[in-house]
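Chemist: Please read through the structure below; I'll follow up with questions.
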Amino acid sequence: MSRSEVRRETSPQNFETDRGSVEVGFGQGTEPYDIVVGADGIGSWVGSEMLDTEVVRRSTVTWSFRVPSSAEPVLPPNLVSLFAPGTGAIADEVNGRALVNLSTKLPPAETPQPPALDLLRDVADDIGWPIPDYVGTLDDTSEVYFRRDYEVTAPSWHSQNAVLVGDAAHAVHPIVAAGATLALEDGYVLADELVSESDPSYAFASFEKRRRARVKTVRKAAHVAER
């Protein structure tokens with residue numbers, strides 16, 4: 001496959017497949033490509049334009065935040081998972097700081113204004129140690145990522161010369177903190193298939209076959225944790 005220019009601060013606007021290549025429009029003309037890899041996350045343009053992806057709104061919200069290194073208690077060396085009815089949290093030590101993902105069920109109509117710290121404190125109290133202590137270190141100036149949760153499903157991750165990877169193909173509930181891992185695994189397997197197979201359509205089919213079971217297992221674990 002030929003090398004292509006890296007384009008920054010631009011987005012694709014249209015595409016057209018023709019005889020084994022893909023013409024992608026960027027607003028100032030079109031460019032031909034051998035393949036298109038959609039790694040553009042939930043709500044993927046590639047997924048919506050070239051494949052039949054479905055973004056599913058979940059009945060949960062999730063917070064992600066880091067805790068200062070001075071916070072107590074100090075986490076044990078392994079990942080900590082904590083669950084209460086309809087709520088779950090994962091905490092891990094990363095570069096001397098605790099990284100916390102916390103998810104709870106909340107009807108879509110009740111989505112509060114981010115970062116919803118009052119609700120976060122209530123949910124943390126329901127889970128218990130050590131989450132309330134960590135949430136207690138937060139204030140209005142803290143970096144807290146708060147979002148409504150979504151999943152992405154698709155009957156197929158590829159079509160002709162286009163393929164989806166990562167969240168664009170199969171976003172799972174963030175409570176299991178596996179999105180980046182799955183995306184990296186996708187990239188490795190897809191590269192392996194493209195090196196081994198000259199026809200992209202066959203490479204994409206083999207890639208999807210190798211990855212479906214793994215994603216299904218992670219999604220199932222996420223649904224169990226979400227309950």
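Chemist: Among the residues in region 132-145, are any touching a helix residue (DSSP H, G or I) at 6+ places or on another chain (Cβ under 7 Å) and part of a loop (DSSP other than H, G, I, E, B)?
Modeler: The answer is yes, given that some residue of region 132-145 is touching a helix residue (DSSP H, G or I) at 6+ places or on another chain (Cβ under 7 Å) and part of a loop (DSSP other than H, G, I, E, B).
Chemist: Exactly one of these conditions fails for ASP92: (1) under 19 Å from the mean Cα position of the chain (by Cα); (2) modelled with pLDDT under 90; (3) in the same structural domain as ALA171 (by TED's automatic domain parsing); (4) of a type outside the set (A, V, I, L, M). Give me its number.
Modeler: All conditions pass for ASP92, except number (3).
Chemist: Can I ask one more? Any idea which of SER64, SER81 is in contact with a strand residue (DSSP E or B) (Cβ under 9 Å, 6 or more places away or on another chain), closer than 22 Å to ALA168 by Cα and surrounded by 13 or more Cβ atoms within 10 Å (Cβ to Cβ)?
Modeler: SER64 is the lone residue from the list that is in contact with a strand residue (DSSP E or B) (Cβ under 9 Å, 6 or more places away or on another chain), closer than 22 Å to ALA168 by Cα and surrounded by 13 or more Cβ atoms within 10 Å (Cβ to Cβ).
Chemist: Collect the residues in region 157-176 that are out of contact with any helix residue (DSSP H, G or I) (no Cβ under 6 Å at 6 or more places or on another chain) and either of a type in the set (A, V, I, L, M, F, W, C) or in the same structural domain as ARG121 (by TED's automatic domain parsing) (or both), keeping them in residue-number order.
Modeler: Across region 157-176, the qualifying residues are ALA169, ALA171.
Chemist: Any idea which of VAL37, VAL55 is outside any loop (DSSP other than H, G, I, E, B), aliphatic (A, V, I, L, M) and either at pLDDT below 85 or over 24 Å from ASP199 (Cβ atoms) (or both)?
Modeler: Answer to the check: VAL55.
Chemist: Are there any pairs with C-beta distances below 6 angstrom linking a residue in region 11-31 that is over 12 Å from MET50 (Cα atoms) to a residue that is acidic (Asp, Glu), with the two at least 6 apart or on different chains, and if so which?
Modeler: GLU23/GLU16; THR30/GLU23
Chemist: Could you list, in sequence order, the residues of region 146-155 that are out of contact with any Pro (no Cβ under 9 Å at 6 or more places or on another chain) and assigned to a strand (DSSP E or B)?
Modeler: TYR150, GLU151, VAL152, THR153
Chemist: How many residues are of a type outside the set (D, E, K, R), surrounded by 14 or more Cβ atoms within 10 Å (Cβ to Cβ) and within 30 Å of THR53 (Cβ to Cβ) when one looks only at region 124-152?
Modeler: Adding up the residues that qualify gives 4.
Chemist: Which of the residues spanning region 86-120 are under 22 Å from ARG57 (Cα atoms), part of a loop (DSSP other than H, G, I, E, B) and not hydroxyl-bearing (Ser, Thr, Tyr)?
Modeler: GLY86, LEU106, PRO107, PRO112, GLN113, PRO114, PRO115, ALA116
The values are calculated or read from the model by the stated rules, or taken from the named source; none is laboratory data. Everything numeric in this text was worked out from a predicted model, so none of it was measured. In this analysis, Cβ positions are derived from the backbone assuming ideal geometry, glycine residues included, and neighbour counts consider all displayed protein chains.
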